[in-house]
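Everything below concerns the one structure shown next.
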Amino acid sequence: MVFINGKKKICILGLGYIGLPTAAMFATHGHKIVGVDINQKIVDALNEGKITIYEPYLDILVHAAVTSGNLRGSTQPEEADAFIISVPTPITEEKAADMSYVEIAAESIVPYLRPGNLVILESTSPPGTVKNLLVPILEKSGLKIGTELLVAHCPERVLPGKILIELVENPRIIGGINQESAEAVRDLYRTFVKGEIYLTDATTAEMCKLMENTYRDVNIALANELALICENIGVSAWEVIKLANKHPRVNIHQPGPGVGGHCLAVDPWFIVEKVPDTAKLIKLSRIINDSMPMHVFERAKSILSAGPDTREPGTGEMAAHGSDGKKKVTILGITYKANIDDTRESPIIKLIELFEEQTDYEISIYDPHIAEYRHLAKDIYSAAHGSSLLILGVNHEAFSKVDFELLYKEMACPNILDTRNFWNGDMLSKLGFKYHLLGRG
Ligand code: SAJ
């Protein structure tokens, strides 16, 4: 028996940033979805039509899906037509893929597998995972893989912040363990995917997914290296990039305080792990991007040691040291990129930890997308009160509407270090700030 078209019951394992939107999307297109997660709180929230993460419009879609009766949560898998595994694949301290969640999820569905079922791995995985890890587990069902049980890798490609649009519009790659598997998965995803769907084998699909994020990581490393070079030779990397990108075949990426998120900062290591002696550029790029928080920290230290302890005469006085003699540093934005609530692998968290390791600094933080974190202030101005340096870590839209005159009054020393080229340096300098820009010497 093979997988046939029509409305299906689908069991989706892992209700995170990918599993939950995918579940809601299938459910609002008529399929019956059981969303499975080991976290009871996520399951309970889902059954009330609520979500525990932020992604634009996801709350509305999930609420609609649950209210329609097509989506419900459970901590246990059950019999279904298709199973989608979208659990995390974290990285270990040794920079190796931790595949334990995929293994546990795959083992958990074995008792429920029936002839004609489809098993899809969405989680980003090292090359060879479907063939060498997933298939051997699924074989325990006693079903013949490729005929009775169809298996494929269908990597997600959506950009956090634009997940719902990209789930529908992005082209997708589906890698089957055979052609029949790939075609069955294509037919299922076609229910809501409007982008082109390309079929290939499972290991090629795994490698494609990893290379997409590696391509971006390597290009960002090049931009970050350029930023360090420009700081050295006294020009602006931002100006160099803007002008160089006028060339029709050049697209230099943006430098910044480092690369975060669960994708770019992790996936290249899955390639390095497999072929450490060959993946030299990929590894070096990871090292360069991981070094950026330390670079920002060093620049911050040198700004703090060079600057005066109080403002220029006549512009107001405020103690630049707390009663304990510590200099206050304010950090705006702690998520791994703009306009999201995700702090996974955030370079700004690493920057905060570098400050915390020293006894000379007091840290204050503000991020409109984060409700709880240590040193968190209630707004920009209270975060900046008495501060000797403000570091703009994330270019959240909310930071485009700052009352800079008030900010100036709150700060003990009006030093700004912009790591994203987000603010207008000329305007800030006119207001009396000392504006420092990452990537400009
Ligand atoms: N960043 C830079 N400079 C840039 C672009 C990004 O420093 O020019 C930094 C960001 O600030 C952030 C990190 O890189 O810290 C990653 O951000 P991102 O927007 O590049 O990507 P992610 O991790 O949010 O999502 C990526 C996407 N992959 C690609 O664009 C190739 C997305 O399509 C994938 O689905 C996602 O990874 C994933 O889940 O793998």
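For region 51-69, the count of residues that are of a type outside the set (Asp, Glu), in contact with a His (Cβ under 9 Å, 6 or more places away or on another chain) and under 16 Å from TYR17 (Cβ atoms) is nonzero.
Can you pull out the residues in region 265-293 that are crowded, with 24+ Cβ neighbours inside 10 Å and free of Cβ contacts under 8 Å to residues at least 60 places away in the same chain? Answer for region 265-293, where residues must be crowded, with 24+ Cβ neighbours inside 10 Å and free of Cβ contacts under 8 Å to residues at least 60 places away in the same chain: just PRO268. Just one of the listed residues (ILE174, ILE165, ILE197, ILE220) is among the aliphatic types (A, V, I, L, M), free of Cβ contacts under 8 Å to residues at least 40 places away in the same chain and within 12 Å of the ligand (Cβ to nearest atom), namely ILE165. Restricted to helices (runs of 4 or more DSSP H) entirely inside region 264-370, those with at least 2 residues that are more than 28 Å from TYR17 (Cβ to Cβ) and modelled with pLDDT under 95 are 292-306.
Please tell me if ILE416 is within 13 Å of GLY333 (Cα to Cα) and assigned to a strand (DSSP E or B). So ILE416 fails the test. Residue pairs whose Cβ atoms lie under 9 Å apart, sitting 6 or more positions apart in sequence or on different chains, and linking a residue in region 422-440 that is touching a residue at least 40 places away in the same chain (Cβ under 8 Å) and outside any strand (DSSP E or B) to a partner that is surrounded by 14 or more Cβ atoms within 10 Å (Cβ to Cβ) and basic (Lys, Arg), are GLY432/ARG311; LEU438/ARG299; LEU438/ARG420.
Just to verify a result, which residue in region 343-355, among those that are in contact (Cβ under 8 Å) with a residue 24 or more places away in the chain and either more than 16 Å from the ligand (Cβ to nearest atom) or open to solvent by less than 10 Å² (accessible area, probe 1.4 Å) (or both), is nearest to the chain's Cα centre (by Cα)? Going through the qualifying residues, I end up with SER346. For region 329-360, the tally of residues that are touching a Leu at 6+ places or on another chain (Cβ under 8 Å) and on the phi < 0 side of the Ramachandran plot stands at 4.
Could you tell me whether ASN232 is within 24 Å of the chain's Cα centre (by Cα) and in a helix (DSSP H, G or I)?
No.
Would you kindly identify the strands (runs of 3 or more DSSP E) lying entirely within region 113-228 that contain at least 2 residues that are surrounded by fewer than 20 Cβ atoms within 10 Å (Cβ to Cβ)?
Working: elements: 117-121, 149-153, 172-176, 197-201.
Result: 197-201.
Scan region 91-112 residue by residue and report those that are of a type in the set (A, V, I, L, M) and assigned to a loop (DSSP other than H, G, I, E, B). Answer for region 91-112, where residues must be of a type in the set (A, V, I, L, M) and assigned to a loop (DSSP other than H, G, I, E, B): ALA96, MET99.
Does PRO155 satisfy the criteria of being within 23 Å of the chain's Cα centre (by Cα) and within 10 Å of the ligand (Cβ to nearest atom)? Answer is yes for this residue.
Of all residues in region 67-90, those satisfying the criterion of being surrounded by fewer than 19 Cβ atoms within 10 Å (Cβ to Cβ) and either assigned to a strand (DSSP E or B) or without any contact (Cβ under 8 Å) to a residue 12 or more places away in the chain (or both) are GLY69, ARG72, SER74. Restricting region 356-378 to residues that are in contact with a helix residue (DSSP H, G or I) (Cβ under 7 Å, 6 or more places away or on another chain) and under 16 Å from THR419 (Cβ atoms), which is most open to solvent (accessible area, probe 1.4 Å)? Restricting to residues being in contact with a helix residue (DSSP H, G or I) (Cβ under 7 Å, 6 or more places away or on another chain) and under 16 Å from THR419 (Cβ atoms), the top hit is TYR366.
Just one residue in the set SER387, SER400 is free of Cβ contacts under 8 Å to residues at least 40 places away in the same chain and among the polar types (S, T, N, Q); that residue is SER400. Where residues in region 257-285 are more than 15 Å from the chain's Cα centre (by Cα) and not hydrophobic (A, V, I, L, M, F, W, C), which of them is nearest to the ligand (Cβ to nearest atom)? Filtering region 257-285 for residues that are more than 15 Å from the chain's Cα centre (by Cα) and not hydrophobic (A, V, I, L, M, F, W, C), the one nearest to the ligand (Cβ to nearest atom) comes out as SER285.
The values are calculated or read from the model by the stated rules, or taken from the named source; none is laboratory data. Note that this is a predicted model, so its numbers are computed, not measured. Reconstructed Cβ throughout: ideal geometry from the backbone, glycine too, with neighbour counts over all protein chains shown. Please note that ligands, DNA and RNA were not included when accessible areas were found on the heavy atoms of the full protein model with its side chains. Shrake-Rupley method; radii C 1.70, N 1.55, O 1.52, S 1.80 Å.
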